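Just below is one structure, and these are the notes that go with it.
The values are calculated or read from the model by the stated rules, or taken from the named source; none is laboratory data. Computed from a predicted structure; not experimentally measured. Here the Cβ positions follow ideal geometry from the backbone for every residue, glycine too, while neighbour counts run over all protein chains shown.
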Amino acid sequence: MARLGLNLMKCPADFWEEPTLLMTRRHAMLASTGALLGTTPFARPALAESGPILIGWLAALTGPSSAPAIGFDRGVRFAADEINAAGGVKGRKVEIVTRDTQGDPTKAVNAVQDMIGRQKVNSIWGPTNSGEALATTAVMARAKMPNMHPCVVDTLIDPAKYPNAFRIAPSNGQWDDAVRNYCLNVLKVKEVAVVGDTTGYGVSAVAASVAAFKKDGANVVYQAQIDATQPDVTPDMLRMKNAGAKVLVVWSVATGMEARLMNERATLGWDAPIIGHPALGSGDVRQLLEKPANWDKVYMAGYASCSYDANGKLPPRTADFVARLAGKVSLQDSSLWWVAAGYDAVKLVTDAVNATGSSTSEAIIGYWNGLRDYPGMFGTYTWTPQQHNGYPTKEVVMSQANSQKDGAFKLAPGYA
Amino acid sequence: MRSRLPALPYLLIFAAAAALPLAGDDYIVLIATRAAVYWVLVSGLNLVVGFGGQLAIGWVSLLTIGAYTTSVFVARGWLGALPALVVAALAGAVAGAIVGLPALRLRTFYFAMATLGFATIVTQVALAWTGVTGGGIGIAGPTLPAPLDTQMGFYLFCLALAALCTWMTLNVAASRFGRALVGLRDAEVATEAMGVSKSRLLMTVFLFSGALAAVAGGLFATLQSYITPDAFTFDLSVLFFIAILIGGRGSILGPLLGTILLTILPELAAPLVAWSTFLYAALLLVIVIVLPGGIADLLDQRRRRKLPENRQIVPRPELVASLITRQVDRPALIISGLHLSFGGVRAIDGLDLELRPGEVHGLIGPNGSGKTTTLNVISGFYQPQEGGVRVGDAPLSGGPQTRAALGIARTFQTPRAIGEASVIENVMIGGTVEGRASFAETVLALPRHWSDEKTLRTQAERCLRIIGIEALADERADRLQHSELRFMEIARALMLCPSFLLLDEPAAGLSPDEITRLGALIKAIRAAGCGVLLVEHHVDLIFDVCDRVTVLNLGRELAAGTPSEIRAHKEVVSAYLGG
Amino acid sequence: MFSSILWTGLAIGAIYALIAVTYNVMFSASRVMSFTAGQVGMLGGVIGAWLILRLHMPIIIGFPLTLLGCAAVGVLTEIVAVRPVIAGLEKHLYVLSTLALALMMQQFTAIEWSTEPQPFPRIVGAGFALDEKFWLPLLACAAVIVGLELLYRHTLVGRAFLAIAEDNYAARALGLPERGLRIASFALAGAIAGLAGFAGGQLLLASIANGPMLNFYGFVPVALGGLGNNRGAIVSGLLLGVFQQAANFLFGGVFVSVAVFAAFIVVLMAAPQGLFGAAPTRRV
């Protein structure tokens, strides 16, 4: 903490060699390209324990659904720069080895092999996309590569099969629990309609959600997949309304479709709440709304660390973090939790090296397995050798979509 | 397309590939494994796209089917990994035939669109059929039995399969099937006239390619260790397609190099991955405009060889008898009461004609009188509204590909040849129906395939010697002069030892010397017992070689008789010959 | 419920119909089917959104500029992907060159614009019983139909277009400037596609995903209506739009494309020249 305090006193200009101070989405790609060009395409020689700490970053920076990776990327770079400016870890600099996988599992597998075999990274953060993670998990497990990732698919984490893989974000099951909990216990509604898009995630998330709702005694009056490019959702909305749904649960990253649902809800004059996937609160959705009021009564899975309380304040740790980000990282068109998670991902590696004095895979994995209530920016993590889902369920909250300010949200009504 | 390929480039490539593990770099081995798996698919697709000219852009659908079939069978415990690959191959063959079926009816662009639609459907099914495919979550890929489950072991397995596919497709390329495929691509009408059944050949190739693609799918699933529907992107389909076009059509080596190049390229340009598809597309555009023949064209030495100047075509009519010997008292080809209309236009308005073996029958008349149309009816390209054609008592029916079996061969008004193939390969297509080896025997290079090739080649050499252009046997056909192409068509027609030879204006564009030699050749063919129907405008040639002449005007017979009768016929003189 | 399906179907169908007309106009001028037709449609929406929302141009300026931009892209198609190919003997190469160009357009837009759908401005504003996002495409479609009729029947340029389409050699022999007319045709085709994308912008949003989607769904009316047949294309397009929305209602999102494609294949295999198409010409 003292070290952080010291940083605040330095002139911001000292931290950065690049002329652009504010990293916005447009420049994220260029900046990462710049970083990439610095990466050698050839194999590195085996590094002694004294060289830089190499963190591989498998990012879907371009291609569809790149918003999360771009957000994570900002946090990653900020953390690396902050640490290096303070002298690194035990004299060793942090170096991020980024490969843009475009959300393609084939490219992800190639990139992982490159990072493991040639770049010889000490640990890997990512991939950001479940389809990629499903393919790369086995490769990393074979190489015993310490891996931290934010992907939500439940089967990705298995301490027995993949002792090297850790999850930093909630699993889809945890999201689902928070949403269902809010619906049944706070909104006190039992008639639900569950929809998703037609991607892999949408199909599986809806299936899991419906099963869990039914198990808890809710009445799923409607369930469907909606093609993200479908221009008019009136028939679907009408059917949901006519079936008696009192709340609409949405599992999708397709911001276009989500905006259409909200717009249509307003056109129909239907006031059922829309709850579900965090993407419901993204800036992309806001842009596509016909009226700002269409964003009312939309609640999505969020995080206690990135939520404003009744007084409009973030939790102290996050507030401090946001203050440090000011002027260096833009939060206007991104979400705070992405930046925070990316930051934590880097810190978890450097703290491991700091604590154990070693950057071997055993050291890092062993350190992570021993963490209890680690105070990250994004969450308070606990990992054990038997439990590699580190995000505490109680920190998954429901946020109010139309309260987005600087990438963070107000808690949805009904939360203490 | 060349029949005697030096094996050297292939040996070099595969030897280098086999030595890769020695570098000790897992990443390089992974990329090389991927290239090998892609090549298994591309080698089959190459036959469809490169040789067959069918633009199957959505072929990734077969990769998907193969990947899921293998994975499901192994995950459910129904079969081991290797037998599952075999099952996948069968599924791929069936799927390949289904995807290929529209190719028989639809034109190029429509077929391309249809394959894209098919690829979408397969992905949607994979996504929706959660119970079997795992839906969006996907399914674990198969693991092969030891020692193939290590990275090295798997790599060498894929490399071996890639080598096998290279060998198999090389066999097909240098066979009557490969030549006929290219013939259908570049000269469909002529190739059908030589007896090649487009639907049968294309379906066979689609079955084979589908099987290979599905096997590649199973290997892909093993490589990825886990498959989800989003791994089978449109980009991948385009990659396969571009690899073939960059490599060059009608080549095996070119697409092999193309596949290797396109697998390695994104890795070399990793920082530019966002632009990778853009660069592929730009590369494709450049190739299409600047070098449509692709890498294969660059490597083709025959383009650059200097051809001797002042070439003469000197046929050897005396050799015809050794090729064709027909009894003269066989049935004639008889056209009776033929009526053919195109919409409101009466192309043939009642025609009777008899073509006897051992006779040259001339068919003359003004332009538009129905001469070529008559030939096309005999060939089976048009079905008459009334009347018909028969050989003896047996009426001719069915499409053009049935005529070759009846010993009917023809040439065309404009030479229809395959430009990038050599002269001898063009001629060998003429004998396609005589081949005995089945497609499977060809793929596996069984003895009947070799004896077929030997027979066809020997026969083609004989035909070329008869025509007198044997010196040009190995030159690309598109380098030949117009007259040489005309004679080459005759050589191609002679491959069948035809009972009836239909010649459509063979003297057009020939020099007076060449016309004289052509006449001698036709006479020799007649003497060998073949019945020749000669459509011509060069009346000197007609009156020189013909035994009988029919004059057409406005689709109807104006006069018929011996040449001297026709020459004196008043109406013929005024309508056509001029006084 | 039904009125919603009907109006959405007709609106979407009108967009498909216009893209089909784009394909037809490009084909008439060059005997070439171009993969860029749908991409230019996508650009109509993207350029419109960019000019009006990002650069804050008034619609009265932004709209014509969008059409000009798309016409320019049409001409680009002609110069880069069509002209070099039809000069040669290998006619099939146009599939590859136009595919390559279409991919380049799509990727470039994805990187420079966005991979997510972006908002499209309101054109007229509220105040009608039926929302403008439904009747704008239909209005555009009607305008194009009327415009093309006037062009082909009452102007010299239009009749020259028809001449080139019907018999290329004869037209050239008469002295018609083939190349200039072809460029003009592609510019016209680009403008029509741009109009489709612009009019449909609120319905489809400005998204790069529209490119391949319009390519395929804009092609289906061409195939069903008969190549080069604009009337058949428009009727088929409107029918397709309604069919698609009905199928969506009945089967749900995942299977709509399967239903459309299956119907497409079945109809084509039965009638390869399309439902309204002409019989094949002689090939020998």
Cβ pairs under 6 Å, 6+ apart or interchain, first in region B:431-452 and among the small types (Gly, Ala, Ser), second not in a helix (DSSP H, G or I), ordered by first then second residue, are B:GLY431/B:MET495
Within region B:423-438, residues over 14 Å from the mean Cα position of the chain (by Cα) and not hydroxyl-bearing (Ser, Thr, Tyr) come out as B:VAL423, B:ILE424, B:GLU434, B:GLY435, B:ARG436, B:ALA437
* Asked: Within region B:79-93, can one find any residue that is under 22 Å from the mean Cα position of the chain (by Cα) and away from every other protein chain (no Cβ under 14 Å)?
  -> yes
| query | Can you find a residue in region B:291-298 that is facing chain C (nearest Cβ under 9 Å) and farther than 20 Å from B:VAL49 by Cβ? | reply | no
- Within region B:354-365, identify whether any single residue is small (Gly, Ala, Ser), surrounded by 19 or more Cβ atoms within 10 Å (Cβ to Cβ) and under 29 Å from B:ALA32 (Cα atoms), and answer yes or no. no
The condition from (1) in contact (Cβ under 8 Å) with a residue 60 or more places away in the chain; (2) closer than 18 Å to B:ALA214 by Cα that B:LEU79 misses is numbered (1)
Note on region C:203-223: residues more than 7 Å from every other protein chain (Cβ to nearest Cβ) and assigned to a helix (DSSP H, G or I) are C:ASN210, C:GLY211, C:PRO212, C:LEU214, C:ASN215, C:TYR217, C:GLY218, C:VAL220, C:PRO221, C:VAL222
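Residues checked against (1) within 14 Å of another protein chain (Cβ to nearest Cβ); (2) of a type in the set (Asp, Glu); (3) closer than 27 Å to B:GLY407 by Cβ:
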site: B:TYR280; (1), (2), (3): yes, no, no
site: B:LEU285; (1), (2), (3): yes, no, no
site: B:ARG304; (1), (2), (3): no, no, no
site: B:VAL320; (1), (2), (3): no, no, yes
site: B:ILE324; (1), (2), (3): no, no, yes
site: B:ASP352; (1), (2), (3): no, yes, yes
Flag for A:SER358 being assigned by TED's automatic domain parsing to the domain that holds A:GLY276 and either surrounded by fewer than 18 Cβ atoms within 10 Å (Cβ to Cβ) or not in a loop (DSSP other than H, G, I, E, B) (or both):
no
How many residues of region B:423-441 are in contact with a Ser or Thr (Cβ under 7 Å, 6 or more places away or on another chain) and crowded, with 24+ Cβ neighbours inside 10 Å? The answer is 2
Restricting region B:379-422 to residues that are part of a helix (DSSP H, G or I) and surrounded by 23 or more Cβ atoms within 10 Å (Cβ to Cβ), the one farthest from the chain's Cα centre (by Cα) turns out to be B:SER379
In region C:55-91, residues that are crowded, with 16+ Cβ neighbours inside 10 Å and within 8 Å of another protein chain (Cβ to nearest Cβ) total 5
- prompt: Within region A:260-270, is there a residue that is outside any helix (DSSP H, G or I), more than 16 Å from A:ASP406 (Cβ to Cβ) and over 16 Å from the mean Cα position of the chain (by Cα)?
  reply: yes
Taking region A:284-297 and the residues there that are buried (at least 17 other Cβ atoms within 10 Å of the Cβ) and more than 10 Å from chain C (Cβ to nearest Cβ), the one that is farthest from C:LEU205 (Cα to Cα) would be A:LYS297
When region B:56-85 is checked residue by residue, the ones that are of a type outside the set (Phe, Trp, Tyr), closer than 17 Å to B:ALA243 by Cβ and not in a helix (DSSP H, G or I) are B:ALA56, B:ILE57, B:GLY58
Requiring at least 2 residues that are in contact (Cβ under 8 Å) with a residue 24 or more places away in the chain and within 14 Å of chain B (Cβ to nearest Cβ), the strands (runs of 3 or more DSSP E) wholly within region A:165-259 are A:191-197, A:219-226
When restricted to B:VAL172, B:VAL196, B:VAL189, the only residue surrounded by fewer than 23 Cβ atoms within 10 Å (Cβ to Cβ) and not hydroxyl-bearing (Ser, Thr, Tyr) is B:VAL189
Only one of (1) modelled with pLDDT under 85; (2) more than 13 Å from chain C (Cβ to nearest Cβ) does not apply to B:ILE313, and that is (1)
- prompt: Are any of the residues in region B:355-362 over 27 Å from B:ARG517 (Cβ atoms) and in contact (Cβ under 8 Å) with a residue 12 or more places away in the chain?
  reply: no
So the helices (runs of 4 or more DSSP H) completely within region B:258-337 holding 2 or more residues that are out of contact with any strand residue (DSSP E or B) (no Cβ under 8 Å at 6 or more places or on another chain) and aromatic (Phe, Trp, Tyr) are B:276-290
Within region B:512-569, residues being hydroxyl-bearing (Ser, Thr, Tyr) and in contact with a Gly (Cβ under 8 Å, 6 or more places away or on another chain) number 1
B:ILE244: passes all of (1) without any contact (Cβ under 8 Å) to a residue 60 or more places away in the chain; (2) within 14 Å of chain C (Cβ to nearest Cβ); (3) more than 14 Å from A:THR106 (Cα to Cα) but (1)
Note on C:THR98: of the conditions (1) among the polar types (S, T, N, Q); (2) within 11 Å of chain B (Cβ to nearest Cβ); (3) under 14 Å from the mean Cα position of the chain (by Cα), unmet is (3)
- Message: It is to be established whether one or more residues within region B:33-55 are within 14 Å of chain C (Cβ to nearest Cβ), surrounded by fewer than 24 Cβ atoms within 10 Å (Cβ to Cβ) and assigned to a loop (DSSP other than H, G, I, E, B).
- Response: yes
If we scan region B:146-164, do we find a residue that is part of a helix (DSSP H, G or I), within 14 Å of chain A (Cβ to nearest Cβ) and within 22 Å of C:TYR217 (Cβ to Cβ)? no
Checked A:ARG286, A:ARG317 against criteria (outside any loop (DSSP other than H, G, I, E, B), charged (D, E, K, R) and assigned by TED's automatic domain parsing to the domain that holds A:ARG180); the one match is A:ARG286
